[in-house]
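A.B. asks: My structure is below; once you've seen it, I'll send some questions.
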Amino acid sequence: MAATTIESVLQENRIFTPAEAFVRQANVSGMDAYRRLCAEAEKDFPGFWGRLAREHVLWKKPFTQVLDESKAPFFRWFADGELNASYNCLDRHLETQPEKTAIIFEADDGKVTRITYRELHRRVCMFANGLKARGVKRGERVVIYMPMSIEAVVAMQACARIGAIHSVVFGGFSAKSLQERIIDAGAIAVLTADGQFRGGREIPLKAAVDEAIAMGGCESIATVVVYRRSGSPVAWQAGRDVWMHDLMAGQPETCEPEWVGAEHPLFILYTSGSTGKPKGVQHSTGGYLLWMILTMKWVFDHKPGDIFWCTADVGWVTGHSYVCYGPLACGATEVIFEGVPVYPDAGRFWKMIQDHKVTVFYTAPTAIRSLIKAGGELPKHYDLSSLRILGTVGEPINPEAWMWYHETVGRGRCPIVDTWWQTETGGLMISPLPGATPTKPGSATFPLPGIFADIVDETGHPVGKGKGGMLVITRPWPAMLRTIWGDPERFRKTYYPADFQGKYYLAGDGASYDEDGYIRIIGRIDDVLNVSGHRLGTMEIESALVANPIVAEAAVVGRPDDLTGEAICAFVVLKQARPGTEDAARIVKDLQDWVGREIGPIAKPRDIRFGENLPKTRSGKIMRRLLRSIARDEEIRQDVSTLENPAILQQLSEKAR
Ligand code: 7RM
């Protein structure tokens, strides 16, 4: 494990206390209420979770045991209870509020479509019946590769309804990435669309599915369901391919939910790790759903009159938890947006908040920074008075962006919840409660009730106030990942390493406590980059580069970037001679496009530099520290005495443009 005693250099003393009126109406009202919940969890851990699970989730068969630790770290929650996630998201609202709008969908071109809980339920049932007719059964894996749409939510909910395990692949990933995920999951069906619209451009999706399957190894796929979005022509394989509307036509409008055990996998979502191929993070049904409901109520202070908008794509965990499951389980009205924040202009988000009277708005720091840059004054031209809570997720938010969000978007009235969590944690973990926690810009503040987090040194000892180290979670929690699909050993080694006697969940993030015990997340401690809030393994990008026939060796590091958080820098050794300036520019472009095809456009290296070799120690280890300095155009001050080949530092410092 890397040395990780991190010194916090940032001093932030501004404190924002929630307004009295907000506190009074909040679901968790005031710090004492927060502390009471924490104390309850501390005093009787299973009692706390058992109470909440009985109060907030609808069970077909009640559970008798809350937590089974006998096979730790393979924890089991509410294991003998039975339920259905789609029933909890839809059917429970049919009696109480069938005509309430569930989703307000705004297309890229501005067209708005609303759907009620009754209608959403009907479509989910019809689609679920259609999937069953194609032989999709409980436990089977279904890959979803769809644009942001009501139909994507219908697809996910339909899988949940029949107990099939969905694995959503972000529409920005390439055919190659899609193929790898289809194979790893052993999927029998792919649900996709002809195309999607983003920023006025049409991007084909079905073509990538065809390409992925043609690459081979996907023989398990018997069905490809296609949602007609763009109307553009697509290739068709009779027997295998079916239009979504044809599949649904004539299907019964109700579908008995498949009652599953609480531990039944709800979904697999692939995420980057520091080594090897992406990990299929496997989530459960009961514990996951409970935590989505609780975090909606505690952190987003959910109320029946809210218009909730989480801008994340359903291809990421944030879109699973706070687009597909959390809001619907709470009977919320939510906004789903197909497009991008800067189209037709950088006022799009603000216009949508105004038009739909959004009350709770949840987005990523990278979006906030890009909107500041593209039009920091624009929010002033819109009526944002409906807003009452602002949230961020995905990466550390710099205090400047936090202050802008607070003042210019929230007009100083809205608490900001800076929510720290991961694909693996399922839902929010460290976050302010809007009606309780005094916030500090750039701090995710404290763990939520029932979550036991700490910051420790390499030996697992808590570092204490004013110090930095590694972020760990010291007790299991209901929404935690259960395993890595098909690789339980990798799960154990990655998240419950022997360094801490297998007792702590290692988040892979560095963090520090300030003098008041506030937690500040510093960033990854492993070889994972965070580009625009998206996790990318350096290994994945290196493997993609080396897969190119002209590349001999590659190393990838991140450098800080104002807009995207981190930018990807690649150091490449070619099989041919080191290129001159003109050749270099062409090869850079070729390699960027190559990585775009291998993984997806988000993984394209921003800078590529060429050397005859990489800086290595005598034992052959690449010295990434040095590469990081070079990537930042810093003078090299580190000790280079262990370096085998110091001359190449000069070569690598020359940037190819
Ligand atoms: C939800 C999500 C997880 C990684 C995580 C951190 C970083 C996320 C924050 C944050 C600072 C935050 N899932 N991260 N939230 N860093 N403050 N509020 O992003 O699996 O894609 O990424 O993102 O490094 O480990 S994720």
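Taken together, the values in this text are just the output of simple stated rules run on the coordinates, not laboratory data. Here the structure is a predicted model, which is why all the values come from computation and not from measurement. Glycine gets a Cβ as well: all are built from the backbone with ideal geometry, and neighbour counts include every protein chain shown.
A.B. asks: Quick check: pseudo-label points 7 Å beyond the Cα along Cα→Cβ at residue 80 and residue 632, how many nm apart are they?
C.D. replies: So the label points at residue 80 and residue 632 sit 5.6 nm apart.
A.B. asks: Also: What is the distance in Å between the Cα centroid of region 245-316 and that of region 201-217?
C.D. replies: Region 245-316 and region 201-217 have Cα centres spaced 25 Å from each other.
A.B. asks: Here is a follow-up. Which of the GluC sites (Glu not before Pro) found in region 239-334 are loop residues per DSSP with 14 or fewer other Cβ atoms within 10 Å of their Cβ?
C.D. replies: Numbers: sites: 253, 258, 263, 334; in loops: 253, 258, 263.
Hits after loop and neighbour filter: 253.
A.B. asks: One quarter of the convex hull surface, Cα atoms only: what value does that give for region 36-132 in nm²? Working shown, then result.
C.D. replies: On the way: hull surface 41.7 nm².
Computing the convex hull of the Cα atoms and averaging its projections yields 10.4 nm².
A.B. asks: Shifting gears a bit: Filter 277/465; 137/493; 575/655; 176/373; 277/493 down to the pairs with a C-alpha to C-alpha distance above 25 Å, please.
C.D. replies: Details: 277/465 37 Å; 137/493 32 Å; 575/655 19 Å; 176/373 34 Å; 277/493 15 Å.
Pairs exceeding the cut-off: 277/465; 137/493; 176/373.
A.B. asks: Show me 197-203, 411-417 ranked by packing, highest mean number of other Cβ atoms within 10 Å first.
C.D. replies: On the way: 197-203: 14.4, 411-417: 19.0.
Per-residue mean Cβ counts within 10 Å order the peptides as 411-417, 197-203.
A.B. asks: Per DSSP H run of at least 4 residues, take -39500 (n - 2.57); add these up for the chain, divide by its residues and hand me the 222 nm value, nearest 500 deg cm²/dmol.
C.D. replies: Values: 18 runs with 179 residues, N = 657.
Rounded to the nearest 500, the figure is -8000 deg cm²/dmol.
A.B. asks: What does the charge count near residue 616 come to, summing +1 for each Lys or Arg and -1 for each Asp or Glu among other residues with Cβ under 14 Å from its Cβ?
C.D. replies: On the way: positive: 618, 621, 624, 625; negative: 553, 612, 644.
After counting each charged neighbour, the total is +1.
A.B. asks: I'd like the projected area of the chain, averaged over all directions, using the convex hull of its alpha carbons. Report it in nm² with one decimal. Can you show the working numbers first?
C.D. replies: Values: hull surface 113.3 nm².
The Cα convex hull of the chain, projected and averaged over all directions, gives 28.3 nm².
A.B. asks: List 564, 366, 116, 192 from most exposed to least, where exposure is judged by having the fewest other Cβ atoms within 10 Å.
C.D. replies: Working: 564 22, 366 25, 116 17, 192 32.
Final ranking by Cβ density, sparse to dense: 116, 564, 366, 192.
A.B. asks: Can I ask one more? Would you be so kind as to identify which of 315, 356, 435 lies farthest towards the positive end of the dipole of region 293-442, taking Lys and Arg as +1 and Asp and Glu as -1 on Cβ and the Cα centre as origin?
C.D. replies: Working it through, the farthest residue towards the positive pole turns out to be 435.
A.B. asks: Around residue 159, under 12 Å between beta carbons, what's the net of Lys plus Arg minus Asp minus Glu among the other residues?
C.D. replies: Result for the neighbourhood of residue 159: +3.
A.B. asks: Something else: Counting C-alpha atoms alone, how compact is region 481-582: give Rg to one decimal and Dmax as a whole number, in angstrom.
C.D. replies: Just the Cα atoms of region 481-582 yield Rg and Dmax of 18.0, 56 Å.
A.B. asks: Residue 617 versus residue 355, label points 7 Å from Cα toward the beta carbon: distance in nm?
C.D. replies: Computed distance between label sites residue 617 and residue 355 equals 5.6 nm.
A.B. asks: Could I ask something else about it? Can you give me the C-alpha center-to-center distance between region 80-146 and region 607-657, rounded to a whole angstrom?
C.D. replies: 52
A.B. asks: Beta carbons within 10 angstrom, averaged per residue: use that to sort the peptides 390-399, 486-495, highest first. Show your work: numbers first, answer last.
C.D. replies: Details: 390-399: 22.5, 486-495: 16.3.
Going from most to least packed, we get 390-399, 486-495.
A.B. asks: May I pose another question? Considering only 207, 115, 272, whose Cα is most displaced toward the positive end of the charge dipole of the chain, charges sitting on Cβ of Lys, Arg (+1) and Asp, Glu (-1)?
C.D. replies: Ranked along the dipole, the leading option is 115.
A.B. asks: Would you kindly enumerate the cysteines in the chain that have no other Cys beta-carbon under 4.7 Å from their beta-carbon?
C.D. replies: Result for the chain is 38, 89, 159, 218, 310, 324, 330, 414, 569, no neighbouring Cys Cβ within the cutoff.
A.B. asks: Residue by residue through region 266-273, which ³J(HN,Hα) values in whole Hz follow from phi under the Karplus form 6.51 cos²θ - 1.76 cosθ + 1.60 (θ = phi - 60°), with glycine and proline marked x?
C.D. replies: Working through the residues one at a time gives 8, 7, 10, 9, 7, 9, 6, x Hz.
A.B. asks: Fewest Cβ neighbours within 10 Å first, please rank 333, 254 accordingly.
C.D. replies: Details: 333 24, 254 13.
Starting with the residue having the fewest Cβ neighbours, the order is 254, 333.
A.B. asks: Sticking with this structure for a sec: What's the magnitude of the charge dipole for the chain around its Cα centre, counting Lys and Arg as +1 and Asp and Glu as -1 at the beta-carbon? Answer in Debye, nearest 20.
C.D. replies: On the way: 76 positive and 79 negative charges, 94 e Å.
The dipole magnitude comes to about 440 debye.
A.B. asks: Under 8 Å for C-alpha pairs, at least 6 residues apart: give me the relative contact order for region 307-372, rounded to a whole percent.
C.D. replies: 43
A.B. asks: To the nearest 20 Debye, how big is the dipole of region 352-469 about its Cα centre, given +1 on the beta carbon of each Lys and Arg and -1 on that of each Asp and Glu? Before the final figure, lay out the partial values.
C.D. replies: On the way: 10 positive and 11 negative charges, 85 e Å.
Using only the charged Cβ atoms, the result is roughly 420 debye.
A.B. asks: Next up: Shape verdict for region 356-418, please, from the Cα gyration tensor: rounded (a/c under 1.5), prolate (a/b greater than b/c) or oblate.
C.D. replies: It comes out oblate by the Cα gyration axes.
A.B. asks: Taking the highest mean first, how do the peptides 285-297, 179-191, 125-137 order by number of other beta carbon atoms within 10 angstrom per residue?
C.D. replies: For the peptides 285-297, 179-191, 125-137, the packing ranking is 285-297, 179-191, 125-137.
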